[in-house]
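The values are calculated or read from the model by the stated rules, or taken from the named source; none is laboratory data. The structure presented is a predicted model; accordingly, all values stated were derived computationally and were not measured. As a convention, Cβ positions derive from the backbone with ideal geometry for all residues, glycine included, and neighbour counts pool all protein chains shown.
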Amino acid sequence: MTKASGSCPNCGAPLEYRWSSSVQTVCEYCQSLVVRTDVDLKKVGVVADLPLDASPIQLLTEGHYGDKHFIVAGRILYEYEHGTWNEWHIVLDGGRDGWLSDAQNEFAVSFPVEVSNLPSPEQATLGRSFSWNNTRFTVVSRTRAHYAGVEGELPFEYWDKTDVTFVDLRSARMDFATLDYSDDTPVLYIGTLVDFDELRLTNVRTFEGW
Amino acid sequence: MPDGTGRPRAAVQAVNCPNCGAATAVRTFGHAVNVVCQSCRSILDAKDPGVTILQKYKEAVPVDPLIPLGTRGTIPGWQPAFEVVGFQVRQILVDEVAYRWREYLLFNPYHGFRYLTEYGGHWNVVATLRSLPDGDHLPGDSGIRTYQGQDYRHFQTATATTVFVLGEFPWQVRVGDQVAVVDYVAPSQLLSAEVNADKEVTWSLGVYAKGKDIWSGLSMPGQPPVVEGVFADQPSPYQGVSGRMWRQAALLMALAAIVWIAHLFTARQQQAFRQALVYNPPSTQDASLVTPVFELDGRASAVQVETASNLANQWMDVGYALINNDTGQAFEFAEDLSYYNGVDGGEAWSEGSPAASFTLPSVPAGRYFLRIEPEGERTGKPVGYTVTVVRDVATSVWFLGALMLIVLPPLMTSFRAAAFERRRWQESDHATGKSSDTDKDDDDE
């Protein structure tokens, strides 16, 4: 994997991009949110300390999706009325990036897919079904959430968002889909639900007493 | 994490109750949304650094969970260890009678949450589903739901109310919370949908577990609670048994049939004795007579005694005793003959038969004679009749007896299996009288 590097515009500490397409990162020393503009690195803000969360995953955790090895490069922590969940930015061998979501230890790996005519938030009501990739997906939850923190490297600039709508869908098998309405054009992520053991994770977080 | 070794180890924390000041450990790290104060039972907001009281405890009598919070061990069906972190009591009202069950929330920081439910000593290990049952995602009123190729039959729809909570929960929990619960069963599994007011549905699958397996997995002292009644997804002890018994019975019946057919073909049907007699009802006071001695040879086998008469429009009963001339052993039986005929409105009719026979299934070899005691109408006409004794006659008595003995055990088991299913469905929305589909599983395989 080609690595870009630079130094933090705030404290001068070395910054290393583990993933060539990273657009932003958080300085591990001063928590500055740094956006990459190819030549210069620009500091756009400071992230607050991440709220207490209990994901067993952390930056640099490694694992497998099927037979593809991946490494965790960054994350977004979302907060909604009933708690929080994590979207871990993973980079697969070969450079493809995806997301490993962890909602109360329910894990799903998904990738953005190009689909036209995605439903509007109003159309994607609970219980409604849509067919993508020859799979019938049904809306199981609609969540209003906002980011509660970011960490590591992300494939897009993402630091100043208010409440947005996320629509989760499932199938009769282990398929998983999310409609992300953060931007004007919705983005569809499709993937599968995976078991913790199936991910064969290494460098996971440790828990007192476990 | 400058050195890349990861985030600091997640530490067990404690919250202090603003109501009573007592400290309560939080066991699920950042997952806890609500924590119940272990001292005053107030429900606290675990996400709030200052900790606020969300609900104060009102119920007069606290419920002690059978499995204490903090208990760690394994649960049937899952490899990793789980720790009991939360407990709630929920109830449903059926015909104004409250039924309460207990739910334990279990946690593993890597594998997440599982549930143990207990009602009347019946346990279920429950996990939320990640894939959906076929069809609509709302439970609806359909009688059958299919999940992963397995059909589940609707058992009950009810409103569950939370009446007591203890420990911590990764969701908002309050005493008084209500959800619609729809249960479908395919013993030993229970497919459930919980629908909240927002019409959000959580599907879960419970697998029936024995109390003793829960107790040993969690290293619990003492004995699990005594099992009462039949639970919705309790596997029938007759499941597969009656089917197996019927298959065995069919095999035995086939064997019996082969023996029977062989017997029919090999029976000698040998005439051992024959005598023509006359019975004159009015003249004879005592018509009893004994026949000469005759030989019944070979192995012990069936003997048939036939009475053929010229009886017409009267009746005659013949009492017989087949007596062994040497040992005095007697086989007593009677044959009733009655035969009436005539012409009525130009149509001939008849009723009864002028002949009868009786088969003794097993008579040992020896020298025998018959004692014959005919009896009839005083005013009757004289009747001529012939008595014939046939040795080693083909008989189906043994076969019919064998069939009864073969069929009885599986029949009893099927009855018991049906009774078990009736007790199961008696607790459902489909109790006897409401639906006819309660008998569908009687021939369980």
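Descriptive notes on the structure:
- Taking the listed residues A:Asp163, A:Asp175, A:Asp102, A:Asp180, the one that is out of contact with any helix residue (DSSP H, G or I) (no Cβ under 6 Å at 6 or more places or on another chain), away from every other protein chain (no Cβ under 12 Å), at pLDDT 90 or above and on the phi < 0 side of the Ramachandran plot is A:Asp180, with no other qualifying.
Residue-by-condition table, conditions (1) in contact with a Leu (Cβ under 6 Å, 6 or more places away or on another chain); (2) closer than 24 Å to B:Ile261 by Cβ; (3) in contact (Cβ under 8 Å) with a residue 12 or more places away in the chain:
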| site | (1), (2), (3) |
| --- | --- |
| B:Pro354 | yes, no, yes |
| B:Arg371 | no, no, yes |
| B:Gly376 | no, no, yes |
| B:Pro410 | no, yes, yes |
| B:Thr413 | no, no, yes |
| B:Arg416 | no, no, yes |
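- Residue within segment B:324-345 that is within 29 Å of B:Phe399 (Cβ to Cβ), in contact (Cβ under 8 Å) with a residue 60 or more places away in the chain and either exposed (fewer than 15 other Cβ atoms within 10 Å of the Cβ) or touching a strand residue (DSSP E or B) at 6+ places or on another chain (Cβ under 9 Å) (or both) present: no
- Filtered residue count, segment A:105-135, keeping only those that are away from chain B (no Cβ under 12 Å), assigned to a loop (DSSP other than H, G, I, E, B) and touching a Pro at 6+ places or on another chain (Cβ under 8 Å): 4
- When B:Gly50, B:Gly21, B:Gly30 are checked against the criterion of being in a helix (DSSP H, G or I) and at pLDDT below 90, B:Gly30 stands alone in meeting it.
- Meets criteria (closer than 21 Å to A:Met174 by Cβ, buried (at least 17 other Cβ atoms within 10 Å of the Cβ), out of contact with any Asp or Glu (no Cβ under 8 Å at 6 or more places or on another chain) and more than 10 Å from every other protein chain (Cβ to nearest Cβ)) for B:Tyr184: yes
- Residues (farther than 22 Å from B:Ala287 by Cβ and small (Gly, Ala, Ser)) located in segment B:313-358: B:Gly328, B:Gly342, B:Gly345, B:Gly346, B:Ala348, B:Ser350
- Looking only at segment B:261-274, residues that are in contact with a Ser or Thr (Cβ under 9 Å, 6 or more places away or on another chain) and modelled with pLDDT under 90 come to 4 in all.
One line per residue, one yes/no per condition, for (1) touching a residue at least 24 places away in the same chain (Cβ under 8 Å); (2) surrounded by 20 or more Cβ atoms within 10 Å (Cβ to Cβ):
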{"residue": "A:Trp132", "(1), (2)": "yes, no"}
{"residue": "A:Pro155", "(1), (2)": "yes, no"}
{"residue": "A:Thr165", "(1), (2)": "yes, no"}
{"residue": "A:Arg173", "(1), (2)": "yes, no"}
{"residue": "A:Thr178", "(1), (2)": "yes, yes"}
{"residue": "A:Thr192", "(1), (2)": "yes, no"}
{"residue": "A:Glu208", "(1), (2)": "no, no"}
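- Test: A:Thr202 is β-branched (Val, Ile, Thr), out of contact with any strand residue (DSSP E or B) (no Cβ under 6 Å at 6 or more places or on another chain) and under 22 Å from B:Phe29 (Cα atoms): no
- Residue satisfying condition, being free of Cβ contacts under 8 Å to residues at least 24 places away in the same chain and out of contact with any helix residue (DSSP H, G or I) (no Cβ under 9 Å at 6 or more places or on another chain), within set B:Asp183, B:Asp213, B:Asp134: B:Asp134
- Any hit, segment B:36-46, residues being outside any helix (DSSP H, G or I), among the acidic types (Asp, Glu), surrounded by 13 or more Cβ atoms within 10 Å (Cβ to Cβ) and at pLDDT 80 or above: yes
- If you go through segment B:103-115 and keep only what is more than 14 Å from chain A (Cβ to nearest Cβ) and crowded, with 22+ Cβ neighbours inside 10 Å, you end up with just B:Tyr104.
- Segment B:118-141 - residue that is within 14 Å of another protein chain (Cβ to nearest Cβ) and among the hydroxyl-bearing types (Ser, Thr, Tyr) and, of those, farthest from the chain's Cα centre (by Cα): B:Ser131
- Within segment A:36-70, considering residues that are at pLDDT 75 or above and surrounded by fewer than 19 Cβ atoms within 10 Å (Cβ to Cβ), the one nearest to the other protein chains (Cβ to nearest Cβ): A:Leu60
- In segment B:65-102, the residue that is surrounded by the fewest Cβ atoms within 10 Å (Cβ to Cβ) out of those that are under 28 Å from the mean Cα position of the chain (by Cα) and without any contact (Cβ under 8 Å) to a residue 40 or more places away in the chain is B:Asp95.
- Contacts under 6 angstrom Cβ, first residue in segment B:41-60 being closer than 24 Å to A:Ala54 by Cα, partner at pLDDT below 75 and outside any loop (DSSP other than H, G, I, E, B), 6 or more apart: none
- Pair list, Cβ < 6 Å and 6+ apart or interchain, from segment B:104-129 residues that are assigned to a loop (DSSP other than H, G, I, E, B) to residues that are charged (D, E, K, R) and surrounded by fewer than 18 Cβ atoms within 10 Å (Cβ to Cβ): B:Gly120/B:Glu228; B:Gly121/B:Glu228
- Among the numbered conditions (1) within 10 Å of chain B (Cβ to nearest Cβ); (2) touching a Lys or Arg at 6+ places or on another chain (Cβ under 8 Å), the only one that A:Arg142 does not meet is (2).
- Where strands (runs of 3 or more DSSP E) sit wholly within segment B:162-269, those with at least 1 residues that are aromatic (Phe, Trp, Tyr) occupy B:178-186, B:201-209.
- The condition of being surrounded by fewer than 17 Cβ atoms within 10 Å (Cβ to Cβ) and under 16 Å from B:Arg424 (Cα atoms) holds for only one of B:Gly222, B:Gly229, that being B:Gly229.
- You will find that of B:Glu200, B:Glu168, the residue that is within 14 Å of chain A (Cβ to nearest Cβ) and farther than 30 Å from B:Ser39 by Cβ is B:Glu200 and no other.
- Of note, B:Pro62 does not satisfy the criterion of being at pLDDT 95 or above and either among the charged types (D, E, K, R) or not in a strand (DSSP E or B) (or both).
- Sub-6 Å Cβ pairs linking a first residue in segment B:196-208 that is touching a residue at least 40 places away in the same chain (Cβ under 8 Å) to a second residue that is of a type in the set (Asp, Glu), at least 6 apart or interchain, are B:Thr202/B:Glu194; B:Tyr208/B:Asp233, ordered by first then second residue.
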